[in-house]
Amino acid sequence: MRFEQGPIRPPSEAGSLLLRFTRNCPWNRCTFCPVYKGQSFSRRSLEEIKRDIDAVAEILEETASLSRSMGYDGQLTRQVASAVLSDPSRTEQFRHVVLWALGGKGTVFIQDANSLVLETAVLVEALRHLTQCIPGVQRITSYARSSTLARKSLEDLKAIREAGLDRIHIGLESGSDTVLAFVQKGATAAQHIEAGRRVIEAGMTLSEYVMPGLGGKTWWREHAVETARVLNEIDPHFIRLRSLRIPPHVPLHADLEAGHFIPLSDDEMVQEIRLFLENLHPTRSVLTSDHIMNLLQEVEGRFPEDKPAMLAVIDRYLELPEDERLLFRLGRRGGALQSMEDLKDPGIRKKLERARAELQAATGQGIEAIITQLGDRYI
C-alpha cells in the first residue's frame, strides 16, 4: 500500500499490501521494465492484508490519543505531527502514516504492477476492510495489466468498484502489436481495448500510460498511429506520456547494444508525438505530460478543444534553430527549464550557455552525450 504522502512498509514484512515478490516474475516481463524483472510473486493472504490495515488504523488511533493529550481534541494538527516526527521512538511506518493523514487527501495507492491478479472476493474484502477501518479514505487507486483485466468479468470489476477501488492506471505503452510483441508486454492491442472499455463501464476512472519512443526508428510511425487508434477506441479519462529512456540496467539496453533497437533522438521523438496527436481523437481524455522524462511538458490539455494548442507547442519547438533546441534540451534535462518560455529569460539563458561550455570542457564530451547522461539521471 502506498499512501500519497509517502510509502509504507507493512508492519508484518518489507513488502506491499497485496503481493509478495521474490524472483522470476512470470507475469511482468516487459523488456523495458526493470522493476520486477527477475522476481516472482505470491499473493498475500487476506488475513495478512487485514493485519496491515489494522496496524495503520492503530497508528491513527494512537496519534488521535496523543492529540487529545496535547489539547487538540484528537485532531491531527501540525503540532501533533511535529511531536510524532521528532520522537525517535516512532518507527518509519508510524511517521509515514502520520504524514499521509496530515495531507488530508484521503487517497490510497495499492502498490504492485498488477494488484487485480488477486481473486475478486479477496480484493473486495480487503478494500471493504480498508474503507471501514481507515476514516476519510476518498479515493483508492491501483495499477493493473490489460491481460489481467481482460480476464475479469464486468460484474467482478463493478464489485471491486463498489468496494472502493475507483481509479485504475494501465501501462498501455503502445497500441502496435508489433511493438508490444517486441517488448514482451504480455498484452495485445485488442486486450488493451477490451480491458480499458471494461474499466470505464465498471464506473472507474482510467489512466492509460503511453511511451513515446518505444517503437524506435523502425516502428515509430506504426507505434504513433496504432497507439492513437487504440486510445480512440478506449476513450480513457487520462492519457499520460512517459517518454522512453534506456539506462544500462534495463533489459532493452541489451537490444540497443546488439543493434536490434535503434532509439529516436529527442527531436525525432517530438515528431513522433506530433504524429500521435494528429491521429488522436478521443472525446473526453485529458493528456498530461507531467514527468521530467518528457521534453515538452507544455503538451497538455483536454480533447478535443485543446488539441490545436498542443500541436502548436510542438511546432514552435520544431521551428527553433538547432542551437536553440540544443540549449533548451540541456536546460530541460538539467532541470533548469520547465517550458520554452523560460529560455527567453536572459539570466537563465546566460547560465545555460555558461553551463554548456563548462560541461563540455570538464567532460571532453559533445553536448548530445551530456544531454543524454543528464536525462538518464532521472531513471
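The values are calculated or read from the model by the stated rules, or taken from the named source; none is laboratory data. Just so it is clear, the structure is predicted and the values come from calculations on it, not from any experiment. Here the Cβ is made from the backbone with ideal geometry for all residues, glycine too, and neighbour counts use every protein chain on show.
For region 294-323, filtering for residues that are among the acidic types (Asp, Glu) and closer than 15 Å to VAL270 by Cα leaves 5. Is it the case that region 156-172 has a residue that's in the same structural domain as SER243 (by TED's automatic domain parsing) and part of a loop (DSSP other than H, G, I, E, B)? Yes; the residues of region 156-172 include at least one that is in the same structural domain as SER243 (by TED's automatic domain parsing) and part of a loop (DSSP other than H, G, I, E, B).
Report yes if GLN75 is at pLDDT 90 or above and not in a helix (DSSP H, G or I), otherwise no. Yes. In region 88-128, the qualifying residues are those that are on the phi > 0 side of the Ramachandran plot and surrounded by fewer than 17 Cβ atoms within 10 Å (Cβ to Cβ), and the one that is farthest from the chain's Cα centre (by Cα) is GLY104. Kindly establish whether PRO304 is assigned to a loop (DSSP other than H, G, I, E, B), surrounded by fewer than 16 Cβ atoms within 10 Å (Cβ to Cβ) and outside the structural domain of ARG377 (by TED's automatic domain parsing). Yes; evaluated as a whole, the condition is true for this residue. Can you name every residue in region 226-252 that is closer than 18 Å to ASP177 by Cβ and surrounded by fewer than 18 Cβ atoms within 10 Å (Cβ to Cβ)? Scanning region 226-252 gives ARG229, ASN232, GLU233. Among the residues of region 289-301, the one identified as within 7 Å of LEU241 (Cβ to Cβ) and either touching an Asp or Glu at 6+ places or on another chain (Cβ under 9 Å) or not in a loop (DSSP other than H, G, I, E, B) (or both) is SER289.
For region 218-235, check the following and say yes or no: at least one residue is over 21 Å from ILE193 (Cα atoms), of a type in the set (Phe, Trp, Tyr) and part of a helix (DSSP H, G or I). No; the residues of region 218-235 include none that is over 21 Å from ILE193 (Cα atoms), of a type in the set (Phe, Trp, Tyr) and part of a helix (DSSP H, G or I). Of everything listed in (1) crowded, with 20+ Cβ neighbours inside 10 Å; (2) modelled with pLDDT of 95 or more; (3) among the β-branched types (Val, Ile, Thr), the single unmet condition for VAL183 is (2). Do we have SER153 as crowded, with 21+ Cβ neighbours inside 10 Å, more than 19 Å from the chain's Cα centre (by Cα) and free of Cβ contacts under 8 Å to residues at least 60 places away in the same chain here? Criteria not met by SER153.
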